[in-house]
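Here is the structure we will look at.
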């Protein structure tokens with residue numbers, strides 16, 4: 001019988017090679033010293049699973065096919081965590097999806113072969129299964145897998161499971177039916193070029209009943225719902241060690257807030273605190289934010 005878990009996650013799960021540099025970011029024709037390097041689970045869904053486990057939430061995840069180079073690392077990493085990765089498909093004819101990220105404080109540069117993979121015409125991710133979703137209380141769905149992402153959303157709607165998505169445009173089905181859509185500054189510049197953030201939010205809010213959140217790096221977050229006022233909130237001020245995984249951790253914080261019935265202000269504040277904890281440490285998968293740390297940061301801001 002399928003065990004019922006708190007959260008269902010669908011999307012990118014991969015192996016991330018991360019390199020933290022010692023003396024600033026890469027410069028052309030100049031040597032750079034690596035301070036720390038790791039090979040750990042990554043991707044929007046993989047990182048969210050790690051963070052949610054640290055916050056005390058049980059998770060089932062599906063998405064990217066896992067190849068021979070990624071599989072041993074991923075299985076070992078999640079062996080002692082409340083993360084059910086049994087829906088993932090493990091393949092034997094490919095090393096698996098990986099990315100490579102060079103990091104120096106506020107600056108990072110990811111590298112990979114995603115454009116090649118997406119243009120191949122071949123599917124390299126799983127089809128969501130209804131049995132994996134039934135019984136979960138909240139879901140999160142990455143938008144990158146086309147019809148399969150839409151299927152995950154349809155199955156959630158069928159079973160009354162609210163879901164969080166990310167970077168879904170105002171006219172998309174994922175945005176229209178999401179409980180929460182977290183939109184990054186990079187996404188708005190792609191789909192709403194030349195528009196002011198407030199105008200982007202007005203368009204987003206008009207096209208969905210759920211909560212839309214626009215993150216802007218170190219700038220104010222904007223959030224709101226259809227027919228209601230637009231709200232602003234400053235991000236938490238912390239010393240930045242690495243921004244890798246900040247957005248994925250924010251998504252995980254939204255999932256936690258939705259799971260626990262938080263009001264909009266509290267949900268955005270909680271997600272922002274999670275993200276702040278994430279950027280203050282490296283590597284994130286080995287040091288994910290704990291619930292007591294997030295609460296302590298929120299309490300410090302109130303003082």
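The values are calculated or read from the model by the stated rules, or taken from the named source; none is laboratory data. Keep in mind that this is a model prediction, so the values were computed, not measured. Cβ placement follows ideal geometry from the backbone for every residue including glycine, while neighbour counts extend to all protein chains displayed.
List of remarks:
- Residue satisfying all of: in the range 232-247; over 19 Å from residue 102 (Cα atoms) and touching a residue at least 40 places away in the same chain (Cβ under 8 Å); surrounded by the fewest Cβ atoms within 10 Å (Cβ to Cβ) among these: 238
- Condition met for residue 229 (surrounded by 15 or more Cβ atoms within 10 Å (Cβ to Cβ), assigned to a loop (DSSP other than H, G, I, E, B) and more than 20 Å from the chain's Cα centre (by Cα)): no
- From the options 250, 270, 282, residue that is part of a loop (DSSP other than H, G, I, E, B) and either closer than 20 Å to residue 302 by Cα or touching a residue at least 24 places away in the same chain (Cβ under 8 Å) (or both): 282
- Counted residues, the range 147-183 - those being farther than 17 Å from residue 62 by Cβ, touching a helix residue (DSSP H, G or I) at 6+ places or on another chain (Cβ under 6 Å) and part of a strand (DSSP E or B): 3
- Of the residues 288, 235, the single one that is assigned to a loop (DSSP other than H, G, I, E, B), under 16 Å from the mean Cα position of the chain (by Cα) and on the phi < 0 side of the Ramachandran plot is 288.
- Matching residues in the range 53-86 - criterion: being without any contact (Cβ under 8 Å) to a residue 40 or more places away in the chain and farther than 21 Å from residue 283 by Cα: 67, 68, 86
- Within the range 65-86, at least one residue is within 18 Å of residue 123 (Cα to Cα), crowded, with 20+ Cβ neighbours inside 10 Å, at pLDDT 95 or above and in contact with a helix residue (DSSP H, G or I) (Cβ under 7 Å, 6 or more places away or on another chain).
- Which listed residue is within 13 Å of residue 285 (Cα to Cα) and not in a strand (DSSP E or B), from 30, 49: 49
- The residues in the range 197-216 that are surrounded by fewer than 14 Cβ atoms within 10 Å (Cβ to Cβ), in contact (Cβ under 8 Å) with a residue 12 or more places away in the chain and out of contact with any strand residue (DSSP E or B) (no Cβ under 8 Å at 6 or more places or on another chain) can be counted, and the count is 2.
- Test: residue 35 is out of contact with any helix residue (DSSP H, G or I) (no Cβ under 6 Å at 6 or more places or on another chain), assigned to a strand (DSSP E or B) and without any contact (Cβ under 8 Å) to a residue 40 or more places away in the chain: yes
- All positions within the range 202-219 that are modelled with pLDDT of 95 or more and under 20 Å from the mean Cα position of the chain (by Cα): 204, 210, 211, 212, 213, 214, 215
- Top-ranked residue of the range 184-194 - restricted to ones that are in contact (Cβ under 8 Å) with a residue 24 or more places away in the chain and in a helix (DSSP H, G or I), ranked as nearest to the chain's Cα centre (by Cα): 185
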